[in-house]
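Here the structure comes first, spelled out in structure tokens, and everything after it is commentary.
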Amino acid sequence: MTPAEMNTAAATDALMSVRGLSKSYGGLKAVNSVSLDIRRGEVVALVGDNGAGKSSFIKMLAGVMVPDEGSIRIEGHDVRLSGPTDARKHGIETLHQHLGLIDVFNVQENIFLGRELQTRRFGIFPTLDRASMRKQTLDLLERIGLKLPAIDAPVRSMSGGQRQSVAIARLLLEDVKLLIMDEPMAALGVDEGRKVLELINSLRAKGLAVLIISHNLEHVFTVADRIAVMKNGNLVDVVETAGVDHDQVVSMIVSGRPVNTTQH
Ligand SMILES: Nc1ncnc2c1ncn2[C@@H]1O[C@H](COP(=O)(O)OP(=O)(O)O)[C@@H](O)[C@H]1O
Ligand SMILES: [Mg+2]
């Protein structure tokens, strides 16, 4: 057994178990039989060079793309994710690089976008229930441990990191088990990136699983419990972050071969 196989075989308590997932574009095998487990309360980083197949892989988990082969199990049940709505139904949310916020709307308007709460004025006229949406927004921010300076200001006036936090909060309004993020810190400055890392930490502490694609190994080492390395569509290895150093991860990314690690 390769270390990656041992790693997946050992995880019986996985929230999500992916086995043999493959995807080809024409003649190009972008993802080649990748297996990975993600547990509750765990942050897994997915790393690899451009073209390694990272985005294609998570698109299948997000329901954006249907796999050619392989299976996805969530809490022990085989699922077919034929759209983002399916994924959402199973508690999987994806933060896309375009955040999907409306600039002139404030925090609660963005969070409730498309699912606004209504009430009836004088028991007759349907009207937006701003008070409930505001209260639920504050509860949500409290629940995920997110502090924002002003929730009534248009998100246009916020920093990149704050906007991203709003986009994340928006995904977490409903019950979410796995949050997938494709390069969330790429467009952010150092301090802003750190805030997003803090938010990820607080989500993990609340039992969420997070799968994060990042090119920034410093971030990966700060936030990830395990690191999955891909190259040319193949999963090179999945390692415990504590069992490897920076150079070993770079070596796996470049060579496409596992390194000897100190872990089991
Ligand atoms: N929609 C697509 N059509 C054809 N080829 C694609 C498409 N999306 C990705 N690819 C190719 O699949 C491979 C993997 O890409 P991708 O999953 O985006 O990798 P990564 O996110 O690791 O950079 C690359 O060779 C890329 O050019
Ligand atoms: Mg990508």
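The values are calculated or read from the model by the stated rules, or taken from the named source; none is laboratory data. What you see is a predicted model, and the numbers here were worked out from it, not measured in a lab. For neighbour counting, all protein chains shown are included, and Cβ atoms are generated from backbone atoms with ideal geometry for every residue, glycine included. Keep in mind that these areas ignore ligands, DNA and RNA; they rest on the heavy atoms of the full protein, side chains included. Shrake-Rupley method; radii C 1.70, N 1.55, O 1.52, S 1.80 Å.
Of note:
Yes/no per residue for (1) exposed (fewer than 14 other Cβ atoms within 10 Å of the Cβ); (2) in contact with a helix residue (DSSP H, G or I) (Cβ under 6 Å, 6 or more places away or on another chain):
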position: Met65; (1), (2): no, yes
position: Val79; (1), (2): no, no
position: Asp86; (1), (2): no, no
position: His90; (1), (2): no, no
position: His96; (1), (2): no, no
position: Gly123; (1), (2): yes, no
position: Gln136; (1), (2): no, no
position: Val155; (1), (2): no, yes
position: Gly161; (1), (2): no, yes
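- Pairs with Cβ under 9 Å, 6+ apart, first in segment 44-62 and in a helix (DSSP H, G or I), second within 6 Å of ligand 1 (Cβ to nearest atom) and among the small types (Gly, Ala, Ser): Lys54/Gly48; Ser55/Ala30; Ser56/Ala30; Phe57/Ala30
- Neighbours by Cβ (under 9 Å, 6+ apart or cross-chain): first from segment 209-226, within 15 Å of Asp37 (Cα to Cα); second within 16 Å of ligand 2 (Cβ to nearest atom) and among the aromatic types (Phe, Trp, Tyr): none
- When Thr85 is tested against (1) without any contact (Cβ under 8 Å) to a residue 24 or more places away in the chain; (2) outside the structural domain of Leu199 (by TED's automatic domain parsing), just one condition goes unmet, and that condition is (2).
- Test for Gly207: is it of a type in the set (Gly, Ala, Ser), in contact with a Ser or Thr (Cβ under 9 Å, 6 or more places away or on another chain), open to solvent by less than 70 Å² (accessible area, probe 1.4 Å) and not in a helix (DSSP H, G or I): no
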